[in-house]
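Heads up: the structure comes next, in structure tokens.
The values are calculated or read from the model by the stated rules, or taken from the named source; none is laboratory data. This one's a predicted model, so the numbers in the text were calculated from it and none came from an experiment. Here the Cβ positions follow ideal geometry from the backbone for every residue, glycine too, while neighbour counts run over all protein chains shown. Protein only, heavy atoms only, side chains kept; ligands, DNA and RNA dropped before computing areas. Shrake-Rupley method; radii C 1.70, N 1.55, O 1.52, S 1.80 Å.
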Amino acid sequence: MKQSILVVNCGSSSLKLALFNGKEEKLASAIAERLNEQDAFARIDGSDRPVPLPGSATHKQALEALVKAFQEWELMPEAPTAVGHRVVHGGETFREAVLVNNDVVEAINQCADLAPLHNPVNITGIEATRKLFPGTPQTAVFDTAYHQTLEPHAYLYALPEAYYRDWGVRRYGFHGTSHHFMVNEAARLLGKTPATTSVISAHLGNGCSITAIKDGISVDTSMGLTPLEGLMMGTRSGDIDPGVFDYLNSQGMTLADIHKLLNHNSGLLGVSGKTNDMRTLCELADQGHKPSAIAIDIFCFRLAKYVAAMMVSLSQLDALVFTGGIGENSVRVRKKTLNHLKLFGFAGNAELNKHNGSHSDGRIDAVDSRYPVLVIPTNEELVIAREAGRLASSH
Ligand SMILES: Nc1ncnc2c1ncn2[C@@H]1O[C@H](COP(=O)(O)OP(=O)(O)O)[C@@H](O)[C@H]1O
Ligand SMILES: CC(=O)OP(=O)(O)O
Ligand SMILES: [Mg+2]
């Protein structure tokens, strides 16, 4: 039977689908956005025609509509041979991808308190796909799994131990699928093996995180208990004085107000007052919009501080790696960030940077840079498809 692997990524308000064949070629992809809102919208990539959705479509309805469209457009004539799901929080339960069964769903549910925006919709995606394709093996791939190698000094917060023991308050880290892919790709580009490669991996998408990887293993990462900690992001504040909770509360804001502020109305969007889209921000800054320029400055300054912080976990550095929509495409962000890191010996090559490293095997460092600097496109969907294919064939 021909292999076809469906990858399902349920985000807090979006749903992304991708279909791969057994040769790791992407056959189709689709996205549904603004789910649970009146203007929910879905389309198959490469087509302008919207896929019809019921009003205020849920994740389940969007999944059903997109699968039906894949079938009607003959992109997926038969049931897939495997399904892979991105699951955001695996707590300490999952150190690697697993085949889904009822116990796994229950364990993912147990982690839902730690990721209330993500895990419940991840389960919805799993349940809906199990109904649509009852005979197909399903795999869960966790954002947190790759970071389970962190040691206590890196994952414990400076809190009384009971908070970790009783309630699981610790650093978990996210985007593990992408960071793991980065060290494998960096090793390949540098002609090394992953097990002897150490990199600092900056995943800069809408969510942003940075990871120190020593000899192929995650040893420190910027996101924490939740995906709010660390770098400045599209709409998330990243690190902030925890005293802000008391202070804003004393000004009349509720916990829910503060949650919304820090998760949805901060970061690039909050500072610029305009958008969370880095491309638009760069255009606005060029037109003289000061708050947009400041948003970019804060983003790069904080990113550089975190690159420096990640160095303390490493004994050698084979490359600093940029990935994610911003990391892969923003010449300005990479340039500004590297400029802050001169004292550490990082130096970019303007010409290579301008082409996103695409003419130079990803390299954008100057000849006198102490460390290589790489731009590597991430491919979380492909990694999820690989894991799903591997586990389904062992099924
Ligand atoms: N050419 C570009 N220049 C600057 N930023 C870009 C460019 N292309 C994409 N981006 C930025 O990448 C970000 C989205 O990253 P992406 O990895 O696609 O997000 P997600 O985390 O949702 O998958 C947005 O801020 C977008 O503006
Ligand atoms: C965990 C996380 O931040 O995910 P995303 O980048 O998809 O928002
Ligand atoms: Mg992405």
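With viscosity 1.002 mPa s and temperature 20 °C, the Kirkwood radius over alpha carbon pairs of the range 4-142 converts through Stokes-Einstein to a diffusion coefficient of 142 µm²/s.
Each residue was assigned an accessible area with a 1.4 Å probe, and for Ser201 the value is about 0 Å². A simple spin-label model places pseudo-atoms 7 Å from Cα toward Cβ; at Lys342 and Leu159 they are separated by 4.1 nm. Over the range 314-368, accessible surface divided per residue gives 49 Å², non-protein components excluded, 1.4 Å probe. Atom-type composition of the exposed protein surface of the chain places 51 percent of the accessible area on carbon and sulfur (1.4 angstrom probe).
The candidates Lys2, Lys335, arranged from most to least accessible area with a 1.4 Å probe in the full protein assembly, appear as Lys2, Lys335.
The angle between the Cα long axis of helix 380-393 and the longest principal axis of the Cα atoms of the chain comes to about 40 degrees, rounded to the nearest 10. On C-alpha positions alone, give me the angle between the axis of helix 290-311 and the longest principal axis of the chain, in degrees, nearest 10. Tilt relative to the chain: about 90 degrees.
Here Lys336 is the anchor, and the aspartates and glutamates within straight C-alpha reach of less than 12 Å, apart from those fewer than 8 places off in the same chain, are Asp297. The peptide list 315-327, 100-112, put in order of mean Cβ contacts within 10 Å with the highest first, becomes 315-327, 100-112. Highest mean packing comes first when the peptides 242-250, 139-147, 70-78 are listed by Cβ atoms within 10 Å, giving 139-147, 70-78, 242-250.
Write down the percent of antiparallel bridges among all DSSP beta bridges whose residues are both part of the chain, to the nearest 5. In the chain, DSSP labels about 65 percent of beta bridges as antiparallel.
I need the peptides 166-178, 79-91 ranked by packing, meaning the mean over residues of other C-beta atoms within 10 angstrom, with the highest value on top.
Values: 166-178: 21.9, 79-91: 24.9.
Ranking, from highest mean packing down: 79-91, 166-178.
Cut-off under 19 Å on the C-alpha distance; same-chain residues fewer than 8 positions from Lys214 excluded. Which aspartates and glutamates are left, in chain and number order? Within reach: Glu96, Asp143, Glu151, Glu185, Asp318.
When the Cα positions of Pro242, Met278, Pro160 are compared along the charge dipole of the chain, Met278 comes out farthest toward the positive end, with charges on each C-beta of Lys, Arg, Asp and Glu.
Roughly how tilted is helix 176-190, in degrees to the nearest 10 and between 0 and 90, from the longest Cα axis of the chain? Roughly 60 degrees between the two axes. Rounded to the nearest 0.05, what FRET efficiency do Gln38 and Asp368 have when you use their Cβ-Cβ distance and R0 = 45 Å? Result of the calculation: an efficiency of 0.20. Per residue, the accessible area of the range 122-231 comes to 36 Å² when a 1.4 Å probe rolls over the protein heavy atoms. Ligands, DNA and RNA aside, Ile298 has an accessible area near 50 Å² when probed at 1.4 Å. Placing unit charges on the Cβ atoms only, positive for Lys and Arg and negative for Asp and Glu, gives the chain a dipole magnitude near 620 debye about its Cα centre. Label-to-label distance for Asn249 and Val312 is 2.9 nm, based on points extended 7 Å past Cα in the beta-carbon direction. Roughly how far apart, in whole Å, are the Cα centres of the range 12-84 and the range 252-266? Taking the Cα centre of the range 252-266 as reference, the centre of the range 12-84 is 31 Å away. Accessible surface of Cys208, taken over heavy atoms with a 1.4 Å probe and every protein chain present, rounds to 0 Å².
Heavy-atom accessible area, probed at 1.4 angstrom with all protein chains present, ranks Thr226, Thr193 as Thr193, Thr226, highest first. Maximal additional length on extending the Asp239-Ser358 stretch stands at 39.6 nm, based on 0.36 nm per residue less the C-alpha distance.
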